[in-house]
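The values are calculated or read from the model by the stated rules, or taken from the named source; none is laboratory data. Keep in mind that what you see is a predicted model, and the values were worked out from it rather than measured. Cβ sites come from the backbone with ideal geometry, for glycine too, and all protein chains shown count toward neighbours.
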Amino acid sequence: MLTTDDLRFFAAIARASSLAAAARDLNVSPPAVTQRLRALEARLRVHLVDRSGRHLTLTDEGELLAERGRQVLEGLSQIDDALAERRGEVRGHLRIVAPLGFGRRYVAPVVAAFQAGHPELKIDLALSDRLGGVPGSGSWDLAIHVGEMDHAAPGLIMRSLAPNERWACAAPSYLNRCGAPENPGALRTHSCIALRENDEDVTLWRFRSEGATDGERVRIEPNLASNDGEVVRSWALAGRGIIVRSEWDLIDDVRAGRLVRLLTDHTLPAAPVVALLGARRQARAARTGRFLDALQQSLEPVPWR
């Protein structure tokens, strides 16, 4: 008969690229993993893993056990969550993904404070500038997204957290040397810096003047580009060119005079801060809602305004 320990053990096998990786995940030796896997296969009288190549591959029986086991463990977790909610407790496991810069500055402090207030809760915070449109996934409960998003992917729930504009900015040293562009089209003759994040067309900058129905699209040819927002900002501060970045990221430099807003009679597409609830039942748990409320409160009033 299978036990929940068996299911958790095989779940670690199923998500690992090798038995050695599974051993690291389980914090045991590779021989111990091999021995336990063989014992499990012998007890079930089926072959669960194909170990003929460098990477392990689940057999059809292994795939079945992994999927049905995941459902069983998730069901048990849901029961535990429901009972904890009835007791008014916040516990379990909360998985959050967020953009690197915004997550470091605004999400991470809330995560630490929230976990301190609920010591039975485990929180994983993954920060990345490669979140893209945040597709539906079973690997996270809550995703923070900064940028345009007309609608959430099927199965996801979107909640607005804070407004955020995009600004074109440059350092005074650059403007003293090259002058300021008088209109968006003039950017083609300036040194521009691009941030390559997600899968956006980062060299097409879109502007709209106040009262205009049609916007102006400018295709820049960046002299410098990076996938790291902090690097792009540092280049701008050093006077290397013009950047387009989020208001939250630039406000301190603009207020201090380290950067100057350009083309203020035009607007760029807004980049609101939104939260996406994952498709799994755990994403609807009390811990997710309470953390989201705490994050919302930390952004009211909007810190960058």
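See the values below:
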{"item": "Tally, over the range 1-17, of residues that are buried (at least 16 other Cβ atoms within 10 Å of the Cβ) and modelled with pLDDT under 85", "result": "1"}
{"item": "Hits in the range 158-182 (condition: among the hydrophobic types (A, V, I, L, M, F, W, C) and part of a strand (DSSP E or B))", "result": "M158, L161, A162, W167, A168, C169, A170"}
{"item": "Among the residues listed as P303, P269, the single one being surrounded by fewer than 22 Cβ atoms within 10 Å (Cβ to Cβ), closer than 26 Å to S209 by Cα, touching a residue at least 60 places away in the same chain (Cβ under 8 Å) and not charged (D, E, K, R)", "result": "P269"}
{"item": "Listing of strands (runs of 3 or more DSSP E) fully contained in the range 183-278 that carry 1 or more residues being β-branched (V, I, T)", "result": "193-195, 216-219, 243-246, 260-262, 273-277"}
{"item": "Filter result (over 10 Å from the mean Cα position of the chain (by Cα), part of a helix (DSSP H, G or I) and crowded, with 18+ Cβ neighbours inside 10 Å) within the range 95-119", "result": "G101, Y106, V107, V110, V111, F114"}
{"item": "Inter-residue pairs, beta-carbon under 6 Å, first under 11 Å from Y174 (Cα atoms) and in the range 221-240, second among the hydroxyl-bearing types (S, T, Y), 6+ apart", "result": "G239/S173; G239/Y174"}
{"item": "Matching entry among R91, R45, R36 (being surrounded by fewer than 14 Cβ atoms within 10 Å (Cβ to Cβ) and basic (K, R))", "result": "R45"}
{"item": "Test result for E210, of a type in the set (D, E), within 23 Å of R177 (Cα to Cα) and surrounded by fewer than 21 Cβ atoms within 10 Å (Cβ to Cβ)", "result": "no"}
